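See below for the structure under consideration.
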Amino acid sequence: MLKVAVVGAGFMGTMHRNVYAQLKDAQVVAVVDGEEEKARKIASGAKVYTCMDDMLDKEKPDLVDICLPTYLHAEHVVKAAEAGAHVLCEKPMAMNLEEADRMIEAAERAGVFFMVAHCIRFWPEYVAFKEILDGGSLGGLRSLSLVRLSPTPTWSWEDWLMWASRSGSAALDLHIHDTDYVLYLFGTPKAVWSKGTWVGDGCVHIFTLYDYGDGPAVSAEGGWDMPPSYPFHMDF
């Protein structure tokens with residue numbers, strides 16, 4: 001039985017906690033959140049902590065699932081890895097390359113698994129599309145366009161998604177889904193070109209072209225500046 005600790009009891013932490021409840025080989029032994037009542041709401045029998053350091057020392061989980069705002073990822077991933085726990089971290093991985101390198105290095109030093117939760121790799125439609133490409137049953141791909149649009153996410157804890165310094169804005173938090181999928185399908189491109197619309201210090205709408213030379217023409221669009229009545233939309 002895999003002993004799991006969920007760190008962060010917000011929207012994503014709640015979702016992850018509910019999924020673990022359906023897995024036969026995993027048990028959530030602890031939930032950590034700075035607001036104790038939030039942690040208690042989703043604990044469902046697990047121990048409740050307000051400090052991850054205390055939890056790591058007392059529970060010694062096999063896996064730590066980081067469901068915190070992006071600007072807190074690096075610090076907590078490094079601590080969990082150094083404690084000898086495998087780590088699953090919500091996307092996006094980090095705020096910048098320096099943080100990402102620190103996280104990878106910590107996991108490598110500790111000899112633990114470290115995974116970023118890029119969920120669409122596992123969604124049925126995206127899985128099926130990759131299988132079709134890999135199998136070649138429809139021939140070679142000539143072009144691919146991906147789109148991901150939503151209203152402004154004003155629902156986040158302390159409005160952290162609206163702070164580019166905490167979330168990376170739509171360019172990092174939302175657009176990362178399709179960029180990761182493109183890399184998953186085709187590997188590293190020869191070049192990348194992006195153009196975005198900025199509000200304050202955050203890029204709220206972005207277009208990206210991925211240059212694969214003689215390979216397929218690939219583009220992606222992402223934005224969270226749609227009106228409140230606009231439903232969340234994604235396609236490829």
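Readers should treat all values here as calculations from the given coordinates under stated rules, not as data from a laboratory. Worth saying up front: this structure is predicted, and the values here are computed from it rather than measured. Here Cβ is always computed from backbone atoms with ideal geometry, including for glycine, and neighbour counts include all displayed protein chains.
Residues with beta-carbon under 14 Å from that of residue 98, excluding residue 98: net charge, scoring Lys, Arg +1 and Asp, Glu -1? Write out the running numbers ahead of the final one.
Working: positive: 102; negative: 75, 99, 101, 105.
It works out to a net charge of -3.
Taking neighbour counts of Cβ atoms within 10 Å as a proxy for exposure, in what order, fewest first, do 167, 156, 137, 145 appear?
Details: 167 23, 156 16, 137 8, 145 12.
Ascending Cβ contact count within 10 Å gives the list 137, 145, 156, 167.
Expressed as a rounded percentage, what relative contact order does the range 97-236 have, with Cα pairs under 8 Å and six or more residues apart?
Numbers: 200 pairs, mean separation 41.7, N = 140.
Relative contact order of the range 97-236: 30 percent.
For the range 2-117, what value does the Rg/Rh ratio take when both radii are computed over Cα atoms and Rh is the Kirkwood radius, given to two decimals?
Radius of gyration relative to Kirkwood radius: 0.94.
With only alpha-carbon atoms counted, please give the Rg and Dmax of the chain, in Å.
Over the chain's Cα set, Rg and Dmax evaluate to 18.9, 55 Å.
Given only helices, namely DSSP H runs of n ≥ 4 each adding -39500 (n - 2.57), what is the per-residue ellipticity at 222 nm of the chain, to the nearest 500 deg cm²/dmol? Don't skip to the end; give the middle numbers.
On the way: 9 runs with 82 residues, N = 236.
Mean residue ellipticity at 222 nm (helix-derived): -10000 deg cm²/dmol.
Charges on Cβ only, +1 for Lys and Arg, -1 for Asp and Glu, centred on the Cα centroid of the chain; of 187, 94, 203, which one is farthest towards the dipole's positive end?
187
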